[in-house]
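The values are calculated or read from the model by the stated rules, or taken from the named source; none is laboratory data. Every value quoted in this text rests on a predicted model; they were computed, and no experiment measured them. Cβ placement follows ideal geometry from the backbone for every residue including glycine, while neighbour counts extend to all protein chains displayed.
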Amino acid sequence: MHIPPQYRTAESFERDFGDPADPHSRLSFITALERDEREQYPSEQHALLDSWHFPELYIPAECGGQLKSFEEVLALLRALSRRDLTVAESHVITFLGALPVWIAGSDDQKRLASGLIRGGGKIAFALTERTHGGDLLANELEAREDGDRLLISGEKWLIGNATCSTAMTLFARTRAEGGPRGFSLLFADKRLLDPATFHHLPKVKTVGLRGAELSGICFDRCAVPAAACIGPAGTGFELALKALQVTRILCTGLSLGAGDTALRLAVDFAVTRRLYGGSVFDIPHARSTLANAFLDLLICDCVAISAARALQACPGQASVWSAVAKFFVPATVEKVMRDLSVVLGARFFLRDGHPWSMFQKMVRDSSIVSVFEGSTLVQLQALGLQLEQLTTEPARPAPDLGRRLETVFSLRMPLPSFAPDQLDLFSRDGDDAVAGIPFLCDQIRSATASDASRTAMLRVSAEQQRLAADVRQARGQSGRSAALLQLAKRFAHLHAAACCGHFWIYNRDILGEFFGQEEWLSTCLNRLRSEDGTMVEDGDVERELLDRSRHGWLFSAVPFQLASQGTVNG
Amino acid sequence: MDETAAAAAKIQRFLIAELAQRLEIDPNAIDPRQTFERYGMDSLNALRLAVELEARIDRKLPTTALWDYPSIDSLSKYLAGELNVREIRPEPV
């Protein structure tokens, strides 16, 4: 097994923070649960992360930080989120707040943002308003020109860290008539604002992330310098959408971390709980549920890791990769948790009783990931818009497609530096993962003698053809029609299947014996075909699951070493 | 009329016909100075139209072109002027 170097930071984080099931570890489950009950903001935990230099990963290398690889950040977010999603979410908001500055900010703004992050300050991302939800172009908060300054008036609501942040990236209407060029993003240092011209709104009570701070801010002719505008005036809508392409991919790390803990707890429970004269794990349905949850996490992994790499390998396609990842991963992890709750029985419902009570916290905390930063529906609409281009097979495949696929999927391949100027709102090049399906069929045919994988891959290829035909037939449908969204969903599943195949082809010789054999692949491909996921009973998958639990390896295609000690005995 | 203005006029006629066909309305009912949005094209569909146009002009067209040139009139002048486009190829059947 060769764990690629981009996972070393996450492994060292694991070593330094210890086993979260141990009450004495630095980010333990028990303190997470206690804070959750008190709805207490995790300031102390943030201070621990800051002293570990976690925020260096939020600052790009060219601005003096350590952010070089989104894949590395994804892995680290996962290691953090598996301990406590509340700590992770309320900390990583700063990265979202700073992203527009990294993408389009001035040198001064970049200096200000990186200095602030290094000093332990938080940056909020104030996008949404009380009455407009995801309808960004209907937003009302305005920034009106007044000489060499802008006067901000209006309210932002349901903003993470709105109150405790030092600075804020603010989405504001800068042209009365609005429209896609009628908004700007402003970077406002709250310490420099006249306190008489703004106030914070109370923390909103929530079902999950109860210790986090979700609040709002209200401005009344609050002055900021005109230089607070990030990039040219009028580019705020475009810039916000581009920043979201990045964060929609990275936030899958929150779901994946939660999914890992949920599965780890469920396996521990199933192995130790005695029922009917044996363990829960001895019950075939329970065992199969756990194994299928593991397979679902593997599929999510192939989607999320490749999307994080695609941000650097093919940023022009990020509109597609981010929409699929944000649609597919959080919703699948939510489903995994529902499935696992059956194994836990009544334990899944308890807020008392460590350690199983961590399960319900993970369920509550992670349920917001599929909603924030563009809901599942918004992602399907984004895909629906591009479906024709995404499913039309080019007359000739791009000559460098093979090399491009290798760059995205092979974890050994170095990635180019992130080039934010190449992000685009619509992918001119379609989607390499899906375009590469015919190529992938050939590769799998020569790589394996297994009929199962070949057949599963041929079915994926047939679905690609069918989907293209169905999209042609649906031409002219409105982007919000239910039929088009259903096609978009099929596309997302096709992309996920393609990611699994490519991931296997390019990494089968480095990621261990279980990953190298193709059984998991054919099973996952078949699982993706059916709406409810075909249940499999597979001894190899079950054995691997127990092995990983016992050794404390991540339930992932890249099973790096966790600090966790499973309770599973030989 | 100079060459650029002639090209702009030709592109404008083409875009009017194209939009009328998509909306299934009479080309005479389309005012080229009105915004695309007025004719029911939201900001996201404007991205798609830009990509479709790009494939028919052999020039790189920003995906946000219709945000910056939000009417048939302004878009035609931009295509003919700054991008030196002389004609838009009909869509392949």
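General remarks:
- Boolean, A:Arg490 is closer than 23 Å to A:Leu298 by Cβ, within 24 Å of the chain's Cα centre (by Cα) and basic (Lys, Arg): yes
- A:Arg480 vs. criteria of a type in the set (Lys, Arg) and within 14 Å of chain B (Cβ to nearest Cβ): yes
- Residues that are in a helix (DSSP H, G or I) and buried (at least 17 other Cβ atoms within 10 Å of the Cβ), drawn from the stretch B:75-93: B:Leu75, B:Ser76, B:Lys77, B:Tyr78, B:Leu79, B:Ala80
- When A:Gly374, A:Gly384, A:Gly402 are checked against the criterion of being more than 30 Å from A:Arg38 (Cβ to Cβ), buried (at least 16 other Cβ atoms within 10 Å of the Cβ) and over 20 Å from the mean Cα position of the chain (by Cα), A:Gly384 stands alone in meeting it.
- Filter result (farther than 25 Å from B:Leu49 by Cβ and buried (at least 21 other Cβ atoms within 10 Å of the Cβ)) within the stretch A:422-438: A:Ala433, A:Gly436, A:Ile437
- Criterion violated by A:Gln317 - all others in (1) polar (S, T, N, Q); (2) surrounded by 24 or more Cβ atoms within 10 Å (Cβ to Cβ); (3) closer than 25 Å to A:Phe29 by Cβ satisfied: (3)
- Only listed residue being within 14 Å of another protein chain (Cβ to nearest Cβ) and at pLDDT 90 or above, chosen from B:Leu79, B:Leu61, B:Leu23: B:Leu61
- Residue in the stretch A:187-196 that is away from every other protein chain (no Cβ under 14 Å) and closer than 20 Å to A:Arg130 by Cα present: no
- Test result for A:Arg111, modelled with pLDDT of 95 or more and either under 30 Å from A:Trp356 (Cβ atoms) or surrounded by 15 or more Cβ atoms within 10 Å (Cβ to Cβ) (or both): no
- Of the helices (runs of 4 or more DSSP H) that lie entirely inside the stretch A:1-113, those containing 1 or more residues that are free of Cβ contacts under 8 Å to residues at least 24 places away in the same chain, of a type in the set (D, E, K, R) and out of contact with any Asp or Glu (no Cβ under 6 Å at 6 or more places or on another chain) span A:8-17, A:29-38, A:43-51.
- None of B:Leu53, B:Leu61, B:Leu66, B:Leu49 is surrounded by 15 or more Cβ atoms within 10 Å (Cβ to Cβ) and either in contact with a Pro (Cβ under 9 Å, 6 or more places away or on another chain) or among the acidic types (Asp, Glu) (or both) except B:Leu66.
- Sole residue being buried (at least 21 other Cβ atoms within 10 Å of the Cβ), farther than 18 Å from A:Leu254 by Cα and touching a residue at least 24 places away in the same chain (Cβ under 8 Å), chosen from A:Arg287, A:Arg309: A:Arg287
- Taken together, A:Ala449, A:Ala462, A:Ala482, A:Ala419 contain a single residue that is touching a residue at least 24 places away in the same chain (Cβ under 8 Å) and either touching a Leu at 6+ places or on another chain (Cβ under 9 Å) or loosely packed, with under 15 Cβ neighbours inside 10 Å (or both), which is A:Ala419.
- The residue of the stretch B:39-56 that is farthest from the other protein chains (Cβ to nearest Cβ), among those that are touching a residue at least 24 places away in the same chain (Cβ under 8 Å) and charged (D, E, K, R), is B:Arg56.
- Tally of residues being within 18 Å of A:Asp400 (Cβ to Cβ) and within 11 Å of another protein chain (Cβ to nearest Cβ) across the stretch A:425-437: 4
- Hey, A:Leu76 over 21 Å from A:Ser417 (Cα atoms) and surrounded by 19 or more Cβ atoms within 10 Å (Cβ to Cβ) or not: no
- Members of the stretch A:178-192 that are touching a strand residue (DSSP E or B) at 6+ places or on another chain (Cβ under 6 Å) and surrounded by fewer than 18 Cβ atoms within 10 Å (Cβ to Cβ): none
- Identity of the residue in the stretch A:425-439, assigned to a loop (DSSP other than H, G, I, E, B) and over 22 Å from the mean Cα position of the chain (by Cα), that ends up modelled with the highest pLDDT: A:Gly436
- Taken as a whole, the structure leaves B:Asp68 outside the set of residues that are more than 13 Å from the chain's Cα centre (by Cα), under 24 Å from A:Ala382 (Cα atoms) and at the interface with chain A (Cβ under 10 Å from one of its Cβ atoms).
- Residue list for the stretch A:491-512, filter: surrounded by fewer than 19 Cβ atoms within 10 Å (Cβ to Cβ) and out of contact with any Pro (no Cβ under 9 Å at 6 or more places or on another chain): A:Arg508, A:Asp509
- Within the set A:Phe269, A:Phe237, the sole residue that is within 14 Å of chain B (Cβ to nearest Cβ), surrounded by 21 or more Cβ atoms within 10 Å (Cβ to Cβ) and more than 20 Å from A:Val73 (Cβ to Cβ) turns out to be A:Phe237.
- Taken residue by residue, the stretch A:27-48 has at least one member that is over 30 Å from A:Tyr506 (Cα atoms), more than 24 Å from the chain's Cα centre (by Cα) and among the aliphatic types (A, V, I, L, M).
- Of residues in the stretch B:28-38 being assigned to a helix (DSSP H, G or I) and more than 14 Å from chain A (Cβ to nearest Cβ), the one nearest to A:Leu385 (Cα to Cα): B:Ala29
- Options A:Ala456, A:Ala469; residue that is away from every other protein chain (no Cβ under 14 Å), aliphatic (A, V, I, L, M), loosely packed, with under 13 Cβ neighbours inside 10 Å and in a helix (DSSP H, G or I): A:Ala469
- All strands (runs of 3 or more DSSP E) inside the stretch A:121-175 with 3 or more residues being at pLDDT 95 or above and surrounded by fewer than 19 Cβ atoms within 10 Å (Cβ to Cβ): A:142-146, A:149-160
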